[in-house]
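Single-structure report; data block below.
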Amino acid sequence: MPSNNVGEVVKNLFKDFPDRTGQLFSPDGWRPPIHQYALDNGAFKQFDETKYFAMLDKSKSYPKPLWLVAPDVVGCASRTMALWNYYLPRLKEYDYPLAFVAQDGCEPEDVPDCHCVFVGGNDPWKIDNFERFVGVREWTHVGRVNSIARLERCERAGVDSIDGTGWMLARDAKFYGLMEHFYGKKQGGLFDGV
(Lines give C-alpha, C1' and ligand atoms only; values in the text may rest on other atoms or scores of the structure.)
Protein backbone atom coordinates (compact mmCIF):
# COMPACT_ATOMS: atom_id res chain seq x y z
CA MET A 1 0.00 0.00 0.00
CA PRO A 2 1.97 3.00 -1.18
CA SER A 3 0.80 5.71 1.19
CA ASN A 4 -1.13 8.65 -0.28
CA ASN A 5 0.08 7.89 -3.80
CA VAL A 6 -2.02 7.72 -6.96
CA GLY A 7 0.69 8.33 -9.57
CA GLU A 8 0.80 6.47 -12.89
CA VAL A 9 3.19 3.77 -11.67
CA VAL A 10 0.92 3.04 -8.72
CA LYS A 11 -2.15 2.98 -10.96
CA ASN A 12 -0.37 0.45 -13.18
CA LEU A 13 0.42 -1.71 -10.15
CA PHE A 14 -3.27 -1.60 -9.17
CA LYS A 15 -4.25 -2.65 -12.70
CA ASP A 16 -1.60 -5.38 -13.06
CA PHE A 17 -1.81 -6.72 -9.48
CA PRO A 18 -5.30 -5.89 -8.18
CA ASP A 19 -5.25 -8.50 -5.40
CA ARG A 20 -1.76 -7.61 -4.17
CA THR A 21 -2.06 -3.84 -3.99
CA GLY A 22 -4.14 -1.20 -2.26
CA GLN A 23 -4.21 2.41 -1.22
CA LEU A 24 -3.56 3.76 2.28
CA PHE A 25 -4.77 7.26 2.99
CA SER A 26 -3.95 9.51 5.92
CA PRO A 27 -5.98 12.63 6.75
CA ASP A 28 -3.49 14.89 4.95
CA GLY A 29 -3.43 12.69 1.84
CA TRP A 30 -7.10 11.86 1.32
CA ARG A 31 -8.22 11.47 -2.28
CA PRO A 32 -11.23 9.62 -3.63
CA PRO A 33 -10.11 5.97 -3.74
CA ILE A 34 -9.57 4.30 -7.10
CA HIS A 35 -8.73 0.86 -5.71
CA GLN A 36 -9.23 -1.14 -2.53
CA TYR A 37 -8.06 1.05 0.32
CA ALA A 38 -7.55 1.51 4.05
CA LEU A 39 -7.63 4.63 6.21
CA ASP A 40 -4.73 5.63 8.46
CA ASN A 41 -4.88 8.18 11.25
CA GLY A 42 -1.83 10.34 10.52
CA ALA A 43 -0.45 9.82 14.04
CA PHE A 44 3.06 9.00 12.82
CA LYS A 45 3.48 12.70 12.01
CA GLN A 46 0.87 14.31 14.27
CA PHE A 47 -2.66 13.13 15.00
CA ASP A 48 -5.24 15.80 14.17
CA GLU A 49 -8.70 14.76 15.36
CA THR A 50 -10.52 17.30 13.17
CA LYS A 51 -8.76 16.19 9.96
CA TYR A 52 -9.14 12.52 10.89
CA PHE A 53 -12.91 12.70 11.31
CA ALA A 54 -13.24 14.93 8.23
CA MET A 55 -11.52 12.18 6.22
CA LEU A 56 -13.88 9.58 7.71
CA ASP A 57 -16.89 11.69 6.81
CA LYS A 58 -15.65 12.08 3.21
CA SER A 59 -15.02 8.34 2.95
CA LYS A 60 -18.69 7.56 3.62
CA SER A 61 -19.47 8.39 -0.04
CA TYR A 62 -17.23 5.54 -1.24
CA PRO A 63 -17.06 1.78 -0.76
CA LYS A 64 -16.03 0.71 2.75
CA PRO A 65 -12.30 0.64 3.42
CA LEU A 66 -10.51 -2.62 4.16
CA TRP A 67 -9.99 -1.19 7.64
CA LEU A 68 -9.72 2.03 9.60
CA VAL A 69 -6.77 2.70 11.90
CA ALA A 70 -7.87 3.90 15.33
CA PRO A 71 -5.85 6.75 16.89
CA ASP A 72 -2.57 5.69 18.50
CA VAL A 73 0.59 7.06 20.09
CA VAL A 74 3.76 6.01 18.31
CA GLY A 75 5.96 3.89 20.56
CA CYS A 76 3.56 3.66 23.52
CA ALA A 77 1.25 0.67 23.99
CA SER A 78 -0.49 1.98 27.13
CA ARG A 79 -1.39 5.37 25.66
CA THR A 80 -2.52 3.68 22.44
CA MET A 81 -4.87 1.43 24.42
CA ALA A 82 -6.25 4.48 26.24
CA LEU A 83 -6.99 6.14 22.88
CA TRP A 84 -8.59 2.94 21.58
CA ASN A 85 -10.98 2.90 24.54
CA TYR A 86 -11.70 6.62 24.25
CA TYR A 87 -12.44 6.66 20.49
CA LEU A 88 -14.04 3.23 20.07
CA PRO A 89 -17.67 4.35 20.59
CA ARG A 90 -17.32 7.11 18.00
CA LEU A 91 -15.48 4.88 15.50
CA LYS A 92 -18.17 2.19 15.72
CA GLU A 93 -20.64 4.71 14.29
CA TYR A 94 -18.85 4.41 10.91
CA ASP A 95 -19.34 0.65 10.79
CA TYR A 96 -15.87 0.14 9.29
CA PRO A 97 -13.57 -2.78 10.13
CA LEU A 98 -11.18 -1.39 12.76
CA ALA A 99 -7.42 -1.67 13.06
CA PHE A 100 -5.61 -1.45 16.38
CA VAL A 101 -1.97 -0.33 16.28
CA ALA A 102 0.41 -2.54 18.25
CA GLN A 103 3.06 -0.25 19.70
CA ASP A 104 6.25 -0.81 21.70
CA GLY A 105 5.41 -2.97 24.73
CA CYS A 106 2.23 -4.46 23.27
CA GLU A 107 1.80 -8.23 23.50
CA PRO A 108 -0.37 -10.26 21.12
CA GLU A 109 -2.84 -10.96 23.94
CA ASP A 110 -3.23 -7.18 24.48
CA VAL A 111 -4.81 -6.64 21.05
CA PRO A 112 -8.49 -5.80 21.55
CA ASP A 113 -11.35 -7.20 19.50
CA CYS A 114 -10.81 -5.74 16.04
CA HIS A 115 -10.45 -6.79 12.41
CA CYS A 116 -6.80 -5.82 11.87
CA VAL A 117 -3.69 -5.59 13.99
CA PHE A 118 -1.49 -2.87 12.50
CA VAL A 119 2.07 -3.40 13.73
CA GLY A 120 3.56 0.02 14.23
CA GLY A 121 5.98 1.17 16.88
CA ASN A 122 9.56 2.22 16.65
CA ASP A 123 11.57 0.31 14.05
CA PRO A 124 13.72 -1.81 16.41
CA TRP A 125 10.65 -3.03 18.33
CA LYS A 126 8.58 -3.57 15.18
CA ILE A 127 11.33 -5.53 13.41
CA ASP A 128 11.85 -7.75 16.45
CA ASN A 129 8.15 -8.36 17.11
CA PHE A 130 5.91 -8.13 14.04
CA GLU A 131 5.91 -11.89 13.36
CA ARG A 132 4.38 -12.50 16.80
CA PHE A 133 1.24 -10.63 15.72
CA VAL A 134 0.58 -12.56 12.49
CA GLY A 135 -2.74 -14.35 12.83
CA VAL A 136 -3.74 -12.63 16.07
CA ARG A 137 -6.64 -11.04 14.17
CA GLU A 138 -8.15 -11.62 10.75
CA TRP A 139 -5.76 -9.14 9.06
CA THR A 140 -2.15 -8.25 9.90
CA HIS A 141 -0.60 -5.06 8.54
CA VAL A 142 2.96 -3.79 9.10
CA GLY A 143 3.68 -0.10 8.78
CA ARG A 144 6.72 1.65 7.31
CA VAL A 145 8.12 -1.24 5.31
CA ASN A 146 10.46 0.50 2.91
CA SER A 147 12.90 -2.18 1.77
CA ILE A 148 12.68 -5.35 -0.29
CA ALA A 149 14.27 -7.34 2.55
CA ARG A 150 11.50 -6.25 4.96
CA LEU A 151 8.79 -6.75 2.35
CA GLU A 152 9.96 -10.30 1.67
CA ARG A 153 10.27 -11.06 5.39
CA CYS A 154 6.69 -9.86 5.87
CA GLU A 155 5.51 -12.06 2.99
CA ARG A 156 7.27 -15.11 4.44
CA ALA A 157 5.67 -14.44 7.84
CA GLY A 158 2.17 -14.30 6.35
CA VAL A 159 1.55 -10.57 6.78
CA ASP A 160 -1.54 -9.50 4.79
CA SER A 161 -0.40 -5.97 3.87
CA ILE A 162 2.33 -3.41 4.34
CA ASP A 163 2.73 0.28 3.67
CA GLY A 164 5.62 2.56 2.99
CA THR A 165 6.18 6.01 1.59
CA GLY A 166 9.78 5.39 0.54
CA TRP A 167 9.06 3.21 -2.50
CA MET A 168 7.94 5.99 -4.81
CA LEU A 169 9.94 8.98 -3.60
CA ALA A 170 12.73 8.59 -6.15
CA ARG A 171 13.72 6.34 -9.00
CA ASP A 172 16.32 4.56 -6.88
CA ALA A 173 17.23 1.03 -5.78
CA LYS A 174 14.08 0.80 -3.61
CA PHE A 175 11.83 1.72 -6.50
CA TYR A 176 13.48 -0.64 -8.97
CA GLY A 177 13.58 -3.40 -6.37
CA LEU A 178 9.83 -3.06 -5.92
CA MET A 179 9.23 -3.15 -9.66
CA GLU A 180 11.40 -6.28 -9.94
CA HIS A 181 9.50 -7.82 -7.01
CA PHE A 182 6.19 -7.33 -8.79
CA TYR A 183 7.16 -7.80 -12.43
CA GLY A 184 9.88 -10.42 -11.92
CA LYS A 185 12.66 -8.88 -13.98
CA LYS A 186 15.02 -5.96 -14.01
CA GLN A 187 13.09 -2.90 -15.08
CA GLY A 188 16.01 -0.62 -15.89
CA GLY A 189 14.69 2.68 -17.25
CA LEU A 190 11.23 1.37 -18.14
CA PHE A 191 9.56 3.50 -15.47
CA ASP A 192 11.89 6.50 -15.61
CA GLY A 193 9.48 8.68 -17.61
CA VAL A 194 6.41 7.87 -15.53
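The values are calculated or read from the model by the stated rules, or taken from the named source; none is laboratory data. Only a predicted model underlies this, so the values are computations on that prediction, with no experimental measurement involved. Virtual Cβ from ideal backbone geometry, glycine too; neighbours counted across all protein chains shown.
Results for (1) outside any strand (DSSP E or B); (2) in contact with a strand residue (DSSP E or B) (Cβ under 9 Å, 6 or more places away or on another chain); (3) small (Gly, Ala, Ser), shown as yes or no for each residue.
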| site | (1), (2), (3) |
| --- | --- |
| Val6 | yes, yes, no |
| Phe14 | yes, yes, no |
| Asp19 | yes, no, no |
| Leu24 | no, yes, no |
| Pro33 | yes, yes, no |
| Ala38 | no, yes, yes |
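For the range 48-79, what are the residues that are among the small types (Gly, Ala, Ser) and within 25 Å of Glu109 (Cα to Cα)?
We begin by selecting, within the range 48-79, every residue among the small types (Gly, Ala, Ser); these are 54, 59, 61, 70, 75, 77-78.
Ala70, Gly75, Ala77, Ser78, listed by residue number.
With under 15 Å from the mean Cα position of the chain (by Cα) and of a type in the set (D, E, K, R) as the only criterion, which of Arg150, Arg156 stands out?
Numbers: Arg156 fails: under 15 Å from the mean Cα position of the chain (by Cα).
Result of the check over Arg150, Arg156: Arg150.
Take the residues in the range 43-64 that are of a type in the set (Gly, Ala, Ser) and assigned to a loop (DSSP other than H, G, I, E, B); name whichever of them is surrounded by the most Cβ atoms within 10 Å (Cβ to Cβ).
The first filter runs over the range 43-64 and keeps only residues of a type in the set (Gly, Ala, Ser), leaving 43, 54, 59, 61.
From what is left, the residues that are assigned to a loop (DSSP other than H, G, I, E, B) are 43, 61.
On the way: Ala43: 22, Ser61: 7.
In this case the residue turns out to be Ala43.
Return the residue satisfying two criteria in turn: it lies in the range 1-42 and is surrounded by fewer than 15 Cβ atoms within 10 Å (Cβ to Cβ) and among the acidic types (Asp, Glu), and of such residues it is farthest from Val117 (Cα to Cα).
Top of the filtered list is Glu8.
Before we move on, is Thr21 among the β-branched types (Val, Ile, Thr), at pLDDT 95 or above and out of contact with any Asp or Glu (no Cβ under 7 Å at 6 or more places or on another chain)? Walk me through how you get there before you give the answer.
Numbers: among the β-branched types (Val, Ile, Thr): yes; at pLDDT 95 or above: no; out of contact with any Asp or Glu (no Cβ under 7 Å at 6 or more places or on another chain): yes.
Criteria not met by Thr21.
Which of the residues that make up the range 1-60 are in contact with a helix residue (DSSP H, G or I) (Cβ under 6 Å, 6 or more places away or on another chain) and hydroxyl-bearing (Ser, Thr, Tyr)?
Thr21, Tyr52
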